[in-house]
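The values are calculated or read from the model by the stated rules, or taken from the named source; none is laboratory data. Quick caveat, the model's predicted, so the values are computed rather than measured. Using ideal geometry, Cβ is built from the backbone for each residue, glycine included, and neighbour counts are taken over all protein chains shown.
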Protein chains: 2
Amino acid sequence: MQGWEAVRAEVLRRIRARDWPPGGLIPGEEALAQEFGVARATVSRALRDLADAGVIERKKRAGTRVAELPVRRARLEIPVIRLDVLGRGLTYGFERLADRLGPAPVPVTARLGLPEGAEMRYLETLHLANGRPYVHEVRWLNPAVLPDPPPDFAKVSANEWLVTHVSLVAGDIAFTAEPAGPREAEVLGVGPGTALLVAERTTQGTAGAVTWVRLAHAPGHRVQLAF
Amino acid sequence: MQGWEAVRAEVLRRIRARDWPPGGLIPGEEALAQEFGVARATVSRALRDLADAGVIERKKRAGTRVAELPVRRARLEIPVIRLDVLGRGLTYGFERLADRLGPAPVPVTARLGLPEGAEMRYLETLHLANGRPYVHEVRWLNPAVLPDPPPDFAKVSANEWLVTHVSLVAGDIAFTAEPAGPREAEVLGVGPGTALLVAERTTQGTAGAVTWVRLAHAPGHRVQLAF
DNA sequence: ATGCGTAATATGTCTAGACATAATTGAAGT
DNA sequence: ACTTCAATTATGTCTAGACATATTACGCAT
């Protein structure tokens, strides 16, 4: 190893070895650059990387200090369901259970910042892996983001069409565990009350709210993150 | 906005405006630097940032192209439970339900890469928010990472002690929804079979496997990620 | 055609120096 | 004692130029 990665590794080693204790100041960029015999920009690159990782905290004038509680950040790559299924070595399919226009429920419009009772497109989809129910998707979609004529969601899944045709700017995702309601129990083929992993997503595009989705996963589903 | 952030913003705008379509090559750093009137390093910084975000893909000699499926990455900041509770404006407390040495079950040793039947420290903790059950924690801890004498986990929670005293290097976290078992139902004060959000974590330190944890959250718990 | 080595090229990284910016410190004035 | 303002200082960013490295494309030999 060489260059900024070597600097990062050595700084990290000293932090882990408690040479530089949590909360303590570490030497300035200039000093480290001299010590390692590299340019200041190289040290800066290494320290920026560690700051991104949450290992150190940097402030102008105040210097760089070792984080007290090194915040552990895990990254989740939100998959397109079809690729997720294929990536697990299973065959993919889906059934469109509903597709209509109607007034969206209040929790949905509220989360998306749309007026109460706004007309939205309602899509209900059952995703299949090896022919068996995998995820039950309930989606409210802002029709303003769709072209005229709208795409045929019987052929392309809404998620996939959106990802490739609409620029998604911001959003959030939340996981909860919920008992299967009657509808979910029916389409997923499980008993009512079965524990389901539910992901709820809202997404904003360049031109405002795009979609709200609820994904109820079949039992046994794991959402895996690495750090 | 100015500098590399301005470059990033403009490049992102063009991608979103489909000036540069998904899968397409974008101009090289040199060309962009000339166009924007900045140094190549500045363009490079902007593009590196976009590549980190998954918007573009860069390869030496092959150039930079717009990602086909812009992978959406969400970040989860793994909280120390005490701070998580306090951050929600609730009071924190915990009860140590068990603390003993014993052979760890096979799934645990397997995940941590330890020999089958290894002696580990078993800790069972109930975390309380406003005096009510919040999370049921089951932990197997590699005693090799503890100092002699070991810390008193009746006073400090194991997680917090580990975060501040052991350098955690790698790990992973998985979420599932599971029905409450008899033990969990009892300590969390819910009916058996209630849907619980379960987080399972394994953690490695510099000197090998550190700990395996299972956190069963009280009903209603949401794990929120932003992207 | 097919395989192999070589040249071309875009990104990756580094250097040395400069100026910008934020936060702290200390001095001056009230 | 308290406030205000300026000097200081560490990080943040930028420039111009250089060399490193991975990968592709092409020409040559088989």
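Things to note:
- Near pairs, Cβ below 7 angstrom, 6+ apart or cross-chain, from the range B:21-42 (within 23 Å of B:L69 (Cα to Cα)) to any residue that is among the aromatic types (F, W, Y) and more than 8 Å from DNA strand D (Cβ to nearest atom): B:I26/B:W20
- Meets criteria (closer than 30 Å to A:N159 by Cβ, more than 16 Å from DNA strand D (Cβ to nearest atom) and either in contact (Cβ under 8 Å) with a residue 40 or more places away in the chain or not charged (D, E, K, R) (or both)) for A:L112: yes
- If only residues of the range A:96-129 that are among the basic types (K, R) and surrounded by 12 or more Cβ atoms within 10 Å (Cβ to Cβ) are counted, the one that is nearest to A:L188 (Cα to Cα) is A:R96.
- Screening A:A62, A:A17, A:A9, A:A53 for residues that are in contact with a strand residue (DSSP E or B) (Cβ under 9 Å, 6 or more places away or on another chain), within 14 Å of chain B (Cβ to nearest Cβ) and at pLDDT below 95 leaves exactly one candidate, A:A53.
- Looking only at residues of the range B:82-95 that are crowded, with 16+ Cβ neighbours inside 10 Å and away from chain A (no Cβ under 14 Å), we find that the one that is farthest from A:G171 (Cα to Cα) is B:F94.
- Candidate set from the range B:145-166 (those that are under 16 Å from B:T125 (Cβ atoms) and among the acidic types (D, E)); member that is surrounded by the most Cβ atoms within 10 Å (Cβ to Cβ): B:E160
- Of the strands (runs of 3 or more DSSP E) lying entirely inside the range B:167-227, those containing at least 3 residues that are in contact (Cβ under 8 Å) with a residue 24 or more places away in the chain and crowded, with 21+ Cβ neighbours inside 10 Å span B:168-179, B:195-205, B:208-217.
- Within the range A:1-23, tally of residues that are within 15 Å of DNA strand C (Cβ to nearest atom), within 26 Å of B:L162 (Cα to Cα) and small (G, A, S): 2
- The range B:44-66, residues that are free of Cβ contacts under 8 Å to residues at least 40 places away in the same chain, near DNA strand D (Cβ under 10 Å from one of its atoms) and touching a Gly at 6+ places or on another chain (Cβ under 9 Å): B:G63
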